[in-house]
Amino acid sequence: MSLIHGLSFSHLRGDVAGGLVAAVVALPLALAFGVASGAGAIAGLYGAIFVGLFAALFGGTPAQVSGPTGPMTVVMAGLIAQAGQEPALAFTAVILGGGLQILLGLSGVGRYITLMPYPVISGFMSGIGAIIIILQAAPLVGHAASSGSVLATLSLLPSFFMNPVADALVLGLLSLAIVYGTPESVGRLIPSPLLALVAGTVLGVFAFPGAPVIGAIPTTLPMPVFPVLHLDAVKFVIGQAIVLAVLGSIDSLLTSLACDNMTRTRHDSNRELIGQGVGNAVAGLFGGLPGAGATMRSVINIRTGGSTPISGALHALLLLAMLLGLGPLAERIPLAVLAGILVKVGVDIIDWRLLKHVTQAPRADVMIMLVVCAMTVLADLIMAVAVGLVLASVLFVKRMADLELMNLRIITAPTPESPLTDEEAAVLRRHDGRIILVHVDGPMSFGSAKDMVRRLEGVAKWSSFAVVVLDLSAVPVIDGTAALAVEDMIRMAESHRQHLILVGMQPAVTGVLEGLGVLRLIPSDHHHATRLAALRQAAGLAAAPVAS
């Protein structure tokens, strides 16, 4: 396994072009995310440089470009606000989060992270998009971004809109007009965020000087921010590190899937998490924002010709060159211009694909999406995901239970739909009303176990049958709850003085039933490999009087 996954110099021209365009697109976004986080524009640039470089060198998605993203910035903004006078605590959480991502990659769980249900991801991303829009509303009209909660910011918006800073409002609206109105032909030459940045800055300097600007930006390499951790902050730092690690991993691997679709390749999930973890740990150590695989920048890189890690690494090095050479110019960028760019980012993050079909989509999926979205905006990011996963899991179990119940057949007489051979059907006909066959086709789980027993209890004249044949030959797996439900079926037959005969079971099912002692309740000669053999024994028992 090579040190750099997917490294090749055979596409150097395309990689150089892709890295250059990705850097041009990343510059305004990095500055905007830095300002939005509360850590400053330079923190966004540092994050883009370090995450972009190390994720490219050590990651598992060759054409992916990484850096600060909307979801990671929202979490970082909360971190900075809660850390208060100790911003080093926030960057300690970033370093620890990067370390956790490395552990996730080394443990091999990367391939499982993208199994999160789509409605949960949809609601979460839409909530993140809404948060970005809400938080950028104040800078868009010339006011300082609120450091409080999203609800607190929402309560202040009317006063912000009633008293806008005129110069900032003009530049903010101009920025929005450019990012939304730039023709595609022009956008291919000059990305609309960069065009908005340049035009807004020039007009801010010469025509609208009253708009607040970024301010002083260092033009030197960053110094390390040594981790700080004290007893009172342990729970806070570790909790936020977990949030960053999980969110960054999901964000990156979803982008990796998008890259796979475009390049017709397959990424290495675990290696990607290691690369993202290294990048985030280094970014945190130097006061940079945490990041993840950035979908828009990755798509632009691929469309421009980038296909190997060279393009992602080059994008980071070009940003470093811009930092060292263009710092004084970046100080004059109006905050309203960056806010306009970020509002577009927030709108793009919202899952309009599902929202457009909200009336036709499954109601359960829509409900999960809306609950997760609302909790993301109004409560807590991880709580929103946790609640969404629980809801999705419960609904999935319900759907599977319904399918399992559909596969439960209670056969008292042959029908065209019954899974019986002619000989088996003849046995049932000869002993009509004395033998009942319970056939289960498919897995048995806790979701349907109790309902299966209730359904048997509801069979009319159940007690009149002399023999119950329980056919589990088509059951591939069974869990503990369902195994105990089988025991309940056996007990129910015993209570009615009925014989119960089992039909051949697969090894996995036998193991579970033996482990829970269920098979000990059935005589060894009441267990047959085939349904015909079981029915023949049932015929003999049905013809004999029931023992008193």
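From the list V141, V120, which residue is of a type in the set (A, V, I, L, M), in contact (Cβ under 8 Å) with a residue 24 or more places away in the chain, within 27 Å of G84 (Cβ to Cβ) and out of contact with any Ser or Thr (no Cβ under 8 Å at 6 or more places or on another chain)?
Numbers: V120 fails: within 27 Å of G84 (Cβ to Cβ).
The match here is V141.
Residue-wise test of (1) surrounded by fewer than 24 Cβ atoms within 10 Å (Cβ to Cβ); (2) out of contact with any Phe, Trp or Tyr (no Cβ under 7 Å at 6 or more places or on another chain); (3) under 30 Å from N270 (Cα atoms).
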{"site": "G127", "(1), (2), (3)": "no, yes, yes"}
{"site": "L157", "(1), (2), (3)": "yes, yes, no"}
{"site": "V170", "(1), (2), (3)": "yes, no, no"}
{"site": "A177", "(1), (2), (3)": "yes, yes, no"}
{"site": "G181", "(1), (2), (3)": "yes, yes, no"}
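Confirm whether V35 is modelled with pLDDT of 85 or more, β-branched (V, I, T), open to solvent by 10 Å² or more (accessible area, probe 1.4 Å) and under 17 Å from G97 (Cβ atoms).
Working: modelled with pLDDT of 85 or more: yes; β-branched (V, I, T): yes; open to solvent by 10 Å² or more (accessible area, probe 1.4 Å): yes; under 17 Å from G97 (Cβ atoms): no.
No; evaluated as a whole, the condition is false for this residue.
Mind telling me which of the residues V25, V74 ends up being assigned to a helix (DSSP H, G or I) and either open to solvent by 10 Å² or more (accessible area, probe 1.4 Å) or without any contact (Cβ under 8 Å) to a residue 24 or more places away in the chain (or both)? Steps first, answer last, please.
Details: V25 fails: either open to solvent by 10 Å² or more (accessible area, probe 1.4 Å) or without any contact (Cβ under 8 Å) to a residue 24 or more places away in the chain (or both).
That would be V74, the only listed residue that is assigned to a helix (DSSP H, G or I) and either open to solvent by 10 Å² or more (accessible area, probe 1.4 Å) or without any contact (Cβ under 8 Å) to a residue 24 or more places away in the chain (or both).
Could you say which residue among G442, G540, G504, G480 is within 24 Å of L405 (Cβ to Cβ) and open to solvent by 20 Å² or more (accessible area, probe 1.4 Å)?
Details: G442 fails: open to solvent by 20 Å² or more (accessible area, probe 1.4 Å); G540 fails: within 24 Å of L405 (Cβ to Cβ); G504 fails: open to solvent by 20 Å² or more (accessible area, probe 1.4 Å).
Among G442, G540, G504, G480, only G480 is within 24 Å of L405 (Cβ to Cβ) and open to solvent by 20 Å² or more (accessible area, probe 1.4 Å).
Condition (residue is open to solvent by 50 Å² or more (accessible area, probe 1.4 Å) and of a type in the set (A, V, I, L, M, F, W, C)) applied to the range 146-155: is it met by at least one residue? Steps first, answer last, please.
First, pick out the residues of the range 146-155 that are open to solvent by 50 Å² or more (accessible area, probe 1.4 Å): 147, 149, 151, 154-155.
Next, only the ones that are of a type in the set (A, V, I, L, M, F, W, C) stay: 151, 154.
Yes, because at least one residue in the range 146-155 is open to solvent by 50 Å² or more (accessible area, probe 1.4 Å) and of a type in the set (A, V, I, L, M, F, W, C).
When you check I131 against the structure, is it hydrophobic (A, V, I, L, M, F, W, C) and either in contact with a Gly (Cβ under 7 Å, 6 or more places away or on another chain) or open to solvent by 70 Å² or more (accessible area, probe 1.4 Å) (or both), yes or no?
On the way: hydrophobic (A, V, I, L, M, F, W, C): yes; either in contact with a Gly (Cβ under 7 Å, 6 or more places away or on another chain) or open to solvent by 70 Å² or more (accessible area, probe 1.4 Å) (or both): no.
For I131, the condition - hydrophobic (A, V, I, L, M, F, W, C) and either in contact with a Gly (Cβ under 7 Å, 6 or more places away or on another chain) or open to solvent by 70 Å² or more (accessible area, probe 1.4 Å) (or both) - is not met.
Hey, among Q276, Q240, which residue is in a helix (DSSP H, G or I), over 29 Å from R303 (Cβ atoms) and of a type in the set (S, T, N, Q)?
Working: Q276 fails: over 29 Å from R303 (Cβ atoms).
Sole residue among the options that is in a helix (DSSP H, G or I), over 29 Å from R303 (Cβ atoms) and of a type in the set (S, T, N, Q): Q240.
Evaluate the range 454-475: report whether one residue or more is among the charged types (D, E, K, R), more than 24 Å from E424 (Cβ to Cβ) and modelled with pLDDT of 90 or more. Talk me through it step by step, then tell me what you get.
Kept after step one, since they are among the charged types (D, E, K, R), are these residues of the range 454-475: 454-455, 457, 461, 471.
Next cut, more than 24 Å from E424 (Cβ to Cβ) only: 454, 457.
Applying the additional criterion that residues be modelled with pLDDT of 90 or more yields none.
No, there is no match, as no residue in the range 454-475 is among the charged types (D, E, K, R), more than 24 Å from E424 (Cβ to Cβ) and modelled with pLDDT of 90 or more.
Which residues, counting only those in the range 507-522, are assigned to a helix (DSSP H, G or I) and either of a type in the set (V, I, T) or open to solvent by 60 Å² or more (accessible area, probe 1.4 Å) (or both)?
Of the residues in the range 507-522, the ones assigned to a helix (DSSP H, G or I) are 507-515, 519-521.
P507, V509, T510, V512, E514, G515, R520, listed by residue number.
Given the options G14, G59, G40, name the one that is modelled with pLDDT of 90 or more and not aliphatic (A, V, I, L, M). If you could, list the steps in order and put the result at the bottom.
Working: G14 fails: modelled with pLDDT of 90 or more; G40 fails: modelled with pLDDT of 90 or more.
Selected residue: G59, the only one of G14, G59, G40 that is modelled with pLDDT of 90 or more and not aliphatic (A, V, I, L, M).
Scan the range 182-205 and report the pairs whose first residue is farther than 17 Å from A32 by Cβ and whose second residue is open to solvent by 70 Å² or more (accessible area, probe 1.4 Å) and not in a helix (DSSP H, G or I), with Cβ atoms within less than 6 Å and a gap of 6+ or a chain change.
From residues that are farther than 17 Å from A32 by Cβ, the pairs are V205/R332.
If you check A321 against the conditions, is it open to solvent by 50 Å² or more (accessible area, probe 1.4 Å), modelled with pLDDT of 85 or more, under 30 Å from A207 (Cα atoms) and assigned to a helix (DSSP H, G or I)? Walk me through it before giving the result.
Values: open to solvent by 50 Å² or more (accessible area, probe 1.4 Å): yes; modelled with pLDDT of 85 or more: yes; under 30 Å from A207 (Cα atoms): yes; assigned to a helix (DSSP H, G or I): yes.
It is true that A321 is open to solvent by 50 Å² or more (accessible area, probe 1.4 Å), modelled with pLDDT of 85 or more, under 30 Å from A207 (Cα atoms) and assigned to a helix (DSSP H, G or I).
Suppose the filter is closer than 25 Å to I238 by Cα and surrounded by 22 or more Cβ atoms within 10 Å (Cβ to Cβ); does L104 pass it? Steps first, please.
On the way: closer than 25 Å to I238 by Cα: yes; surrounded by 22 or more Cβ atoms within 10 Å (Cβ to Cβ): yes.
So L104 passes the test.
Which condition number does F160 fail, the rest of (1) more than 15 Å from V337 (Cα to Cα); (2) out of contact with any His (no Cβ under 7 Å at 6 or more places or on another chain) being met?
(2)
Being of a type outside the set (S, T, Y), closer than 14 Å to A281 by Cα and either open to solvent by 20 Å² or more (accessible area, probe 1.4 Å) or part of a helix (DSSP H, G or I) (or both) narrows it down to one of I49, I42, I80, I4, so name that one. Reasoning before the result, please.
Values: I42 fails: closer than 14 Å to A281 by Cα; I80 fails: closer than 14 Å to A281 by Cα; I4 fails: closer than 14 Å to A281 by Cα.
Being of a type outside the set (S, T, Y), closer than 14 Å to A281 by Cα and either open to solvent by 20 Å² or more (accessible area, probe 1.4 Å) or part of a helix (DSSP H, G or I) (or both) holds for just one of I49, I42, I80, I4, which is I49.
Residue-by-condition table, conditions (1) in a helix (DSSP H, G or I); (2) under 20 Å from Q537 (Cα atoms); (3) of a type in the set (K, R); (4) under 45 Å from the mean Cα position of the chain (by Cα):
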position	(1), (2), (3), (4)
L470	no, yes, no, yes
P476	no, no, no, yes
T481	yes, no, no, yes
L484	yes, no, no, yes
D488	yes, no, no, yes
E494	yes, yes, no, no
R497	no, yes, yes, no
I501	no, yes, no, no
M505	no, yes, no, yes
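Just to be sure I understand, how many residues within the range 83-121 are in a helix (DSSP H, G or I) and either over 20 Å from the mean Cα position of the chain (by Cα) or within 30 Å of A361 (Cβ to Cβ) (or both)? Even if it seems obvious, please write down each step before you answer.
Of all residues in the range 83-121, those in a helix (DSSP H, G or I) come to 83, 87-107, 110-113, 118-121.
Checking which are either over 20 Å from the mean Cα position of the chain (by Cα) or within 30 Å of A361 (Cβ to Cβ) (or both) leaves us with 83, 87-93, 95-96, 110-113, 118-121.
Number of matching residues: 18.
If you take the residues in the range 207-237 that are in a helix (DSSP H, G or I) and more than 30 Å from the chain's Cα centre (by Cα), which one is surrounded by the most Cβ atoms within 10 Å (Cβ to Cβ)?
Our first condition is that a residue be in a helix (DSSP H, G or I); within the range 207-237, this holds for 231-237.
Next, from what is left, pick out any that are more than 30 Å from the chain's Cα centre (by Cα): 231-232.
Details: L231: 6, D232: 8.
Per the stated criteria, the residue is D232.
Could you count how many residues in the range 122-139 are closer than 25 Å to A281 by Cα and within 12 Å of the chain's Cα centre (by Cα)?
Let us first name the residues in the range 122-139 that are closer than 25 Å to A281 by Cα, namely 124-125, 128, 132.
Of the ones still in play, those that are also within 12 Å of the chain's Cα centre (by Cα) are 124-125.
Going through the range 122-139 one residue at a time, the tally reaches 2.
Based on this model, can you work out whether V469 counts as open to solvent by less than 20 Å² (accessible area, probe 1.4 Å), under 20 Å from T421 (Cβ atoms) and in contact with an Asp or Glu (Cβ under 9 Å, 6 or more places away or on another chain)?
Numbers: open to solvent by less than 20 Å² (accessible area, probe 1.4 Å): yes; under 20 Å from T421 (Cβ atoms): yes; in contact with an Asp or Glu (Cβ under 9 Å, 6 or more places away or on another chain): no.
Here the answer is no, as V469 does not meet what is asked.
Within the range 89-113, restricting attention to residues that are of a type in the set (A, V, I, L, M) and farther than 15 Å from A281 by Cβ, which residue is modelled with the lowest pLDDT? I'd like the intermediate steps shown before the answer.
Here is the first cut: in the range 89-113, the ones of a type in the set (A, V, I, L, M) are 89-90, 93-96, 100, 102-104, 106, 109, 113.
Next cut, farther than 15 Å from A281 by Cβ only: 89, 109, 113.
Numbers: L89: 90, V109: 83, I113: 72.
Restricting to residues being of a type in the set (A, V, I, L, M) and farther than 15 Å from A281 by Cβ, the top hit is I113.
This table checks each residue for (1) under 25 Å from Y180 (Cα atoms); (2) within 26 Å of the chain's Cα centre (by Cα); (3) open to solvent by 10 Å² or more (accessible area, probe 1.4 Å); (4) of a type in the set (S, T, Y).
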{"position": "V299", "(1), (2), (3), (4)": "yes, yes, yes, no"}
{"position": "P309", "(1), (2), (3), (4)": "no, yes, no, no"}
{"position": "R332", "(1), (2), (3), (4)": "yes, no, yes, no"}
{"position": "T359", "(1), (2), (3), (4)": "no, yes, yes, yes"}
{"position": "R363", "(1), (2), (3), (4)": "no, yes, yes, no"}
{"position": "I368", "(1), (2), (3), (4)": "no, yes, no, no"}
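Considering the range 397-430 alone, what residues qualify as being closer than 18 Å to T481 by Cα, of a type outside the set (D, E, K, R) and open to solvent by less than 20 Å² (accessible area, probe 1.4 Å)? Give the steps one after another, and end with the answer.
From the range 397-430, those closer than 18 Å to T481 by Cα are 397-405, 407-408; that's our starting set.
Keeping just the survivors that are of a type outside the set (D, E, K, R) gives 397, 400-401, 403, 405, 407-408.
Passing the criteria: A401, L408.
The values are calculated or read from the model by the stated rules, or taken from the named source; none is laboratory data. For clarity, every value in this text was computed on a predicted model and none was experimentally measured. Every residue, glycine among them, receives a Cβ derived from its backbone with ideal geometry; neighbour counts consider all protein chains shown. Just the protein is used for accessible areas: all its heavy atoms, side chains included, with ligands, DNA and RNA removed. Shrake-Rupley method; radii C 1.70, N 1.55, O 1.52, S 1.80 Å.
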